[in-house]
Amino acid sequence: MNEYLDILQKWLQKDQSIAITRVVKTWGSSPRPVGSVMLVSQEGKMAGSVSGGCVEGAVVKQAKRALVENTSMKLDYGVNDEEAWSVGLSCGGSIQVFLQPVTFSEGSVWSQLLDNIQKNKASTLISSLEDGNSTNTLLGEDGHIWGDKLPEEVLAEAKDAYAKRTHKTVKYNDKYYFIQIFPRKSLLLIIGAAHITVDLVSLGQQFGFETVVIDPRGYFAENTTFPDPPSQLLQNYPSEVLNQFPLDAYTFCAILSHDPKIDDNALEILLPSEIGYIGTLGSRKTHAKRINRLLEKGIDQSLIDQIHAPIGVAINAKSAKEIALSIMSQIIEVKNQFSRR
């Protein structure tokens, strides 16, 4: 939704009625994943995509009708749907989308969702998948709830979905609910102000991460030049500051200092946490020594096995830029798996 905020604000300033369409289910090789969003204004303008261009025209027609009739609806497009073929969904997959008219009036669930996104606060939106009148509930990162009351079982499913970075449909008492995650901005923690760190910070910011560099070594922290400065540069041991950050599924950490005192200090905090990714720089021989040190400190092997080492995707990287690219690629791969470590 972040990429559509400017367009949405322009529509709202013109008092445009707006419908939101979301992919809630897919079969086969669908062109867009569950959770994909498309916004449609009453003028028929659209932002986003639910199929990469295959069925958008048909969806816009339905959105205009939904706005006039003020009704929500489920729409199916796919191999067995003649309309889908007529508009070009020939990829061999099928999708179900849920279309709703939405209001951003003050105090509404949608207004609160928009406010949370703008303030970089995580939200979980739960919508009943009903033709006609759908209910909507918003769950904030602090547990606050806006909108319609939900059974505790459905709220528990929503919390589980957030922890696992996954959108999903659940059924309770013969009623279906779509749970969609609107996470805060992903956080990239980098331990060590190494040469690779400079390029990794730049890549992280290009891909929408908040970047934090932690290095207690004043010389490195003070003398490393960042063309794209990180959000924060902290001259502390990791154990002194890591607990200030949300070590959850939306946080990723690259450990690059090459100093066991610093690296191990970070790992002792990170390994028992719920962080989404941990990668460590160094050869297999270096990592074997690291494993022995951690085992001697009483850290369980199952936790140690979660470390990505050697860090990065194997692209035969040589330069600092190439190593940073391999690390960023692995982080994105893990992030987009939509499942916790």
### Query
Of Val212, Val68, Val24, which has the largest mean-square fluctuation in a 10 Å C-alpha GNM of the chain?
Val68
### Query
Excluding same-chain residues fewer than 8 positions from Lys289, which aspartates and glutamates have a Cα within less than 13 Å of its Cα?
Asp259, Asp263, Asp264
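For the chain, count all C-alpha to C-alpha pairs, find those more than 38 Å apart, and express that count as a whole percent of the total.
Details: 15746 of 57970 pairs.
Here the long-distance tail beyond 38 Å is 27 percent of all Cα pairs in the chain.
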## Note on the structure
Largest fluctuation, Leu75, Leu247, Leu113 only, Gaussian network model of the chain with Cα springs under 10 angstrom, belongs to Leu75
### Acute angle (nearest 10 degrees) that the helix 320-335 long axis makes with the longest principal axis of the chain, alpha-carbon atoms
50
### Query
If you place +1 on the Cβ of every Lys and Arg and -1 on the Cβ of every Asp and Glu, how big does the dipole about the Cα centre of the chain come out, in debye to the nearest 20?
560
### Task
Taking amide H positions as placed in the peptide plane 1.01 Å from N, state which residues far from Tyr176 in sequence (5 or more) or on other chains have amide H under 5 Å from it.
Leu129
### Task
Report, ordered by chain and residue number, the lysines lying within cross-link reach of Lys171, taken as a straight Cα distance under 25 Å and ignoring same-chain residues fewer than 8 apart.
Lys25, Lys74, Lys149, Lys159
### Query
Can you give the calculated 222 nm mean residue ellipticity of the chain, where each DSSP H run of n ≥ 4 adds -39,500 (n - 2.57) and the sum is split over every residue, rounded to the nearest 500 deg cm²/dmol?
-10000 deg cm²/dmol
### Query
Given +1 on the Cβ of Lys and Arg, -1 on the Cβ of Asp and Glu, and no further charges, what dipole in debye does segment 2-182 carry about its Cα centre, rounded to the nearest 20?
300
### Query
Out of Leu294, Ala320, Val154, whose Cα points farthest toward the positive end of the dipole of the chain (charges: +1 Lys, Arg; -1 Asp, Glu; placed on Cβ)?
Ala320
### Summary
Excluding residues fewer than 8 positions from Lys261 in its own chain, the aspartates and glutamates with Cα under 18 Å of it are Asp215, Glu240, Glu296
### Query
Which residue fluctuates the most in the chain, going by a Gaussian network model with Cα springs under 10 Å, if the choices are Ala314, Ala249, Ala193?
Ala314
### Message
With unit charges on the beta carbons (Lys and Arg positive, Asp and Glu negative) and the dipole taken about the Cα centre of the chain, which residue among Asn173, Ile117, Phe252 sits farthest to the positive side?
### Response
Phe252
### Query
What net charge do the residues around Pro260 carry, taking every other residue with its C-beta under 15 Å from that of Pro260, with Lys and Arg at +1 and Asp and Glu at -1?
+1
### Task
Taking H placed 1.01 Å from N in the peptide plane, check which residues at least 5 places from Ile255 or on another chain put their amide H under 5 Å from its amide H.
Ile191, Gly279, Thr280, Leu281
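Which shape class, rounded, prolate or oblate, goes with segment 160-222 when its Cα gyration tensor gives a ≥ b ≥ c as root eigenvalues, a/c under 1.5 marks rounded, and past that a/b bigger than b/c marks prolate? All intermediate terms of the calculation are to be shown ahead of the outcome.
Details: a/c = 5.88, a/b = 3.57, b/c = 1.65.
Taking the square roots of the gyration eigenvalues as a ≥ b ≥ c, segment 160-222 is prolate.
Count the net charge of all other residues whose Cβ sits under 13 Å from the Cβ of Val50, scoring Lys and Arg as +1 and Asp and Glu as -1. Walk me through the numbers before you get to the answer.
On the way: positive: Arg22, Lys25, Arg32, Lys74; negative: Glu56, Asp76.
Every neighbour counted, the sum reads +2.
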### Between 0 and 90°, nearest 10: helix 195-206 axis offset from the chain longest Cα axis
10
### Rounded if a/c under 1.5, otherwise prolate or oblate - segment 187-335, Cα gyration tensor axes
rounded
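Computed from the coordinates by the stated procedures, all read-outs in this text should not be read as laboratory data. If you're wondering where the values come from, they're calculated on a predicted model, not measured in any experiment. Counting neighbours? That spans all protein chains shown, and the Cβs are built from the backbone with ideal geometry, glycine included.
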